[in-house]
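Report on one structure; see the data block that follows.
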Amino acid sequence: MKRRDFFLSLSAGLIGAHTALGLSRAAFAAADGAPKTGGTLTATVWPEPTAGITTVHNFYPNAVVGSNIFDGLVTYDADFNPQPQLAESWEVSDDQLTLTFHLRDGVRWHDGTPFTSADVQYSATEAWKKLHSRGRITFANLESVETPDPLTVVFRLSKPSPILLSALGAAESLILPRHLYEGTDIKDNPHNLAPVGTGAFKVAEWKRGEHILLIRNEDYWDKGKPYLDRLIFRIIPDEAGRAAALETGEVLYAPYDPAPFADVARLRENPELVIENNGYDWQAQLHLIEFNLRNPILADLRVRQAIYHAIPRQELIDVALYGLGREATSPIIHNARYFKADLPSYPFDPVKAEALLDEAGHPRGADGIRFKLRIDRQVLPAYISSSEFLRQTLKRAGIEIEIQARDTAGALKAVYTDYDFDLNNLIISSYKEPQMGLLRLFYSKNAKPGVPYIVASGYQSAEADALIETISTETDPAERARLFGRLQEIILTDLPVAPLYEVQHYTAHNRGVKGVEANPDSGISSLKSIWLEG
């Protein structure tokens, strides 16, 4: 498919630590000079966050904004080793069943209330463990949380949990103020849209559809930070408008692919802009198709295999994404832990796809169509372009695709509450440590209507469930690799999902913006180390 023809059609169709908290390498690089205080950073984020917290919807815009308002127990360095944040230090018992955190003294919530161990206890037991889509797996072995004094928190585990310290950053497990949430329904608490955190910035104004204004937290525990006085996230729905705002300097910082893929090469040539791919490795995102196995057509493995064989994945990357991606061969990306190379494969093979569909009893009709399916499409550019590409591509195999264009809330309800979908077009964070993000797609015992990004397919496998349960407590790296290898084999054989490509996000910022960190999670981390030149 030629890119010109594709886009013409698209447009028509629309473990112990006592280390002092380290300073950002980028912020204090000699080339940047000494950080300067003051000024306003105008940024943009799209889609608009659904809340200022990630607890009930771990949506990346929520994390982009929320990590500036909230802190986590820990943060991470360039090698993804945990570093102190609200926890100054911690110890893990020899049997790995007890984690003791020593909290930073003198920290206050933005309303002046002291931050204590009670806040951590409440967040862990009532929010992370019960409501967070990944936390339901990550904290499954968390049996109780003790608070022997206001600055000590003790996690008691029923079994070892090897990934716990990898999941305690602000973007993943932000700590909620107990005094504002206890006794309420967390999902509907008004402070979700008027957040009160412990982070570097406080919410001054949230004008829906226009902007979110954050101001400097003068009482922030990390003295001297943030460097900025104000941080404004503008809501700009049009991607061409976001590109123009970057080029004119109206917007100085924009994460998560702000401009059209077609514009990236031009933006790279702009001497006033920096385009970089740092900050997304921690999430290890993957674009995949999730099949609704409740649909009798898709319940047939031969049909799922045929659909996978009918998709030219490299062409999808080249045409729809302008090369910004890498073909996926597994639900774990190639540079994450436990990736297995030798797996059942489904290379582009239209002849085999046709044969499988015939064998499954779906001959072409007089109009050339075998059957019709729906594909859900959200508002991100990658969803828009890939949905149209898949519509055109699968029609060659006789599958007519109807694109269900929904806003975020509508898509979440249709897919994860009503299960009213056929093909879920999904970008998912599998994470460098894939136990954090991948297993939720396949662990049938964790399925619960209304919780986003958990087993929408209806997939059930006793072997996969048993492997996932063993992985969750196995601490030996070699054995974990073996278990994850077998799980990948099962998934690529049963095919509840079809991995398409590994996502390659980019951030664009003005060259005068300094202190942009290069850590694996900096795309969704606090901007407290950023400062403005001049």
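The values are calculated or read from the model by the stated rules, or taken from the named source; none is laboratory data. All figures in this text were calculated on a predicted structure; none of them were measured in a lab. Note that we place each Cβ from the backbone using ideal geometry, even for glycine, and neighbour counts take in every protein chain shown. Remember, those area values only see protein heavy atoms, side chains included, never the ligands or the DNA or RNA. Shrake-Rupley method; radii C 1.70, N 1.55, O 1.52, S 1.80 Å.
Charges were assigned to the Cβ only: +1 to each Lys and Arg, -1 to each Asp and Glu. The resulting dipole of the stretch 180-331 about its Cα centre is roughly 300 debye.
For Leu273, the amide hydrogen comes within under 5 Å of the amide hydrogens of Arg511, counting only partners 5 or more places away or on other chains and with H modelled in the peptide plane.
Accessible surface comparison of Leu380, Leu142, probe 1.4 Å, protein chains only, largest first: the order is Leu380, Leu142. For the pair Ala518 and Asp79, label points projected 7 Å from Cα toward Cβ lie 1.6 nm apart.
Computed over neighbours whose Cβ is under 13 Å from that of Pro347, the net charge equals -1, Lys and Arg +1, Asp and Glu -1. On the principal axes of its alpha carbon atoms, the stretch 285-503 extends 57, 36, 35 Å, with the longest extent given first.
For Asp71, the amide hydrogen comes within under 5 Å of the amide hydrogens of Ile175, Thr198, Gly199, counting only partners 5 or more places away or on other chains and with H modelled in the peptide plane.
Of all DSSP-defined beta bridges confined to the chain, some 80% are antiparallel rather than parallel. Each residue of the stretch 151-166 is assigned a 3J(HN,Hα), and the resulting list reads 10, 10, 10, 10, 8, 9, 10, 6, 9, x, 10, x, 9, 4, 6, 8 Hz, derived from the Karplus form 6.51 cos²θ - 1.76 cosθ + 1.60 (θ = phi - 60°), x at Gly and Pro. Spatial offset of the stretch 335-356 relative to the stretch 413-455 amounts to 21 Å, using the alpha carbon center of each.
So, R0 is 22 Å and r is the distance between the beta-carbons of Ala409 and Asp238; what FRET efficiency does that work out to, to 0.05? The formula returns an efficiency of 0.65 here. What's the FRET efficiency of Asp418 with Ser144 using the Cβ-Cβ distance as r and R₀ = 41 Å, to the nearest 0.05? Efficiency, from the Cβ-Cβ distance: 0.70. Can you tell me which lysines have their Cα less than 30 Å from the Cα of Lys223? Leave out same-chain residues fewer than eight positions away. Hits, sequence-local ones excluded: Lys36, Lys202, Lys207, Lys514, Lys528.
In a reduced charge model with +1 at each Lys and Arg Cβ and -1 at each Asp and Glu Cβ, the stretch 285-503 shows a dipole moment near 240 debye about its Cα centre. At full extension, Glu91 and Ala462 could sit 130.0 nm farther apart than now, given 0.36 nm per residue minus the alpha carbon distance. Near Leu228, the amide H atoms lying under 5 Å from its own belong to Gly38; only residues 5 or more places off or on other chains count, and H is placed 1.01 Å from N. On full extension, the segment bounded by Arg337 and Lys159 gains 61.9 nm, given 0.36 nm per residue less the C-alpha separation. Taken one residue at a time, the phi angles of the stretch 401-410 give Karplus couplings (6.51, -1.76, 1.60, θ = phi - 60°) of 10, 9, 7, 9, 7, 10, 6, 4, 4, x Hz. Gly and Pro are set to x. With all pairs of different C-alpha atoms in the average, the Kirkwood value for the hydrodynamic radius of the stretch 71-178 is 13.8 Å.
When Glu143, Glu400, Glu210, Glu433 are compared by accessible area of protein heavy atoms, the largest-first order is Glu143, Glu210, Glu400, Glu433, using a 1.4 Å probe. Accessible surface comparison of Asp219, Asp77, probe 1.4 Å, protein chains only, largest first: the order is Asp219, Asp77.
Projecting label points 7 angstrom from Cα along Cα→Cβ for Asp476 and Lys36 puts them 5.8 nm apart. Computed about the Cα centre, the dipole magnitude for the stretch 71-178 is approximately 480 debye when only Lys and Arg (+1) and Asp and Glu (-1) carry charge, each at its Cβ. Our note on the geometry: Cα centres of the stretch 56-95 and the stretch 223-295, 22 Å apart.
Taking a straight Cα-Cα cut-off under 30 Å and skipping sequence neighbours fewer than 8 places away in the same chain, the lysines within cross-link reach of Lys372 are Lys2, Lys352, Lys395, Lys413, Lys448.
Residues in the stretch 506-513 carry Karplus couplings, in order, of 9, 10, 10, 8, 5, 5, x, 8 Hz; the curve used is 6.51 cos²θ - 1.76 cosθ + 1.60 with θ = phi - 60°, and Gly or Pro positions show x. For the chain, the pair-distance distribution built from all alpha carbon pairs, in bins 20 Å wide starting at 0, is 22, 55, 22, 1 percent. Ligands, DNA and RNA excluded, the heavy atoms of Phe348 present near 100 Å² of accessible surface to a 1.4 Å solvent probe. Note on Asp219 and Lys187: the extension gain reaches 8.7 nm, defined as 0.36 nm multiplied by sequence separation minus the Cα-Cα distance.
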